[in-house]
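Reviewing the structure listed below.
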Amino acid sequence: MALASGSGEKQLAILAGGCFWCTEAVFARVRGVLRVEPGYIGGKLSDSANYEAVCGGETGHAEAVRIQFDPAQLSYLDILRVFFATHDPTQLNRQGNDVGTQYRSAIFWCSEAQRDQAEHLLHELGSTGVFDDPIVTQLVPASEFHVAEAYHHDYFERNPGQGYCAYVIAPKLARFRQRFASLLRSE
């Protein structure tokens, strides 16, 4: 999904925050995000990186998004702040009614600088009591990312009336727009 044309060097961020439909829908609206791809990461075998196998919970993959962004318009730290504000990082291996390791909260860092920034923010959020419960977000190096099947791409945009989209994603997007108005891209 091409969203904007940016200037300068592009960077990647890979995040797992529960259902990738939700995470993709949020980041598709962020200024400076050039592309968002849903997919699978962190699993054992490449040939098991498909929706049916991952949903079975046995492959070790997480539903995630790979975000290409322009650091001249959007910082990695801003991406992480949006990430922590748009899912519950205190739920172990779940997000709401979605249960299993495939729905875990994880940051798959792509550079030492990303790891350092994520560690710092995790420490800051944990020590300031922003969340009532401890943060369980994993911080792990990025591994092979497997792009999800085509029908998962732009899922919310193509299916806004579908039950999950209407009752889970749409309210999440409304909260996101309120809290991060300064990061919204122009429509």
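Name the pairs: first residue in the range 40-55 and closer than 20 Å to G17 by Cβ, second residue assigned to a helix (DSSP H, G or I), Cβ to Cβ under 6 Å, at least 6 apart or on different chains?
Y40/V54; V54/Q102
For A53, all conditions in the list (1) under 25 Å from R175 (Cβ atoms); (2) surrounded by fewer than 22 Cβ atoms within 10 Å (Cβ to Cβ) hold save one; what is the number of the exception?
That leaves (1) as the condition not met.
Within the range 12-33, does at least one residue satisfy the condition of being free of Cβ contacts under 8 Å to residues at least 40 places away in the same chain and touching a Leu at 6+ places or on another chain (Cβ under 8 Å)?
no
Every residue in the range 93-122 that is exposed (fewer than 15 other Cβ atoms within 10 Å of the Cβ) and more than 24 Å from Y155 (Cα to Cα), please.
Answer for the range 93-122, where residues must be exposed (fewer than 15 other Cβ atoms within 10 Å of the Cβ) and more than 24 Å from Y155 (Cα to Cα): S111, E112, A113, D116, E119, H120.
If W21 satisfies every condition in (1) under 17 Å from F180 (Cβ atoms); (2) in a helix (DSSP H, G or I) but one, which is the exception?
The single condition W21 does not satisfy is (1).
So L77 ticks every box in (1) under 15 Å from the mean Cα position of the chain (by Cα); (2) under 24 Å from Y164 (Cα atoms); (3) surrounded by fewer than 17 Cβ atoms within 10 Å (Cβ to Cβ) but one. Which box is left unticked?
All conditions are met except number (2).
I'd like to verify a number: residues in the range 99-150 that are in contact (Cβ under 8 Å) with a residue 12 or more places away in the chain and of a type in the set (D, E), how many?
5
Take residues that are under 29 Å from E58 (Cα atoms) and tell me which of the helices (runs of 4 or more DSSP H) falling wholly in the range 73-187 contain 2 or more.
Helices (runs of 4 or more DSSP H) meeting the threshold: 76-85, 112-128, 155-158.
Only one of (1) among the acidic types (D, E); (2) over 12 Å from the mean Cα position of the chain (by Cα); (3) buried (at least 16 other Cβ atoms within 10 Å of the Cβ) is not met by D88, so which one is it?
(2)
With respect to V54, is the statement that it is in a helix (DSSP H, G or I), within 22 Å of Y155 (Cα to Cα), aliphatic (A, V, I, L, M) and over 16 Å from the mean Cα position of the chain (by Cα) true?
Yes; evaluated as a whole, the condition is true for this residue.
Read the figures in this text as sums done on the coordinates, not as results from a lab. A quick note: this is a predicted structure, and the numbers were derived from the prediction, not measured. Because the Cβ atoms are built from the backbone with ideal geometry, glycine has one as well, and the counts that use them run over all protein chains shown.
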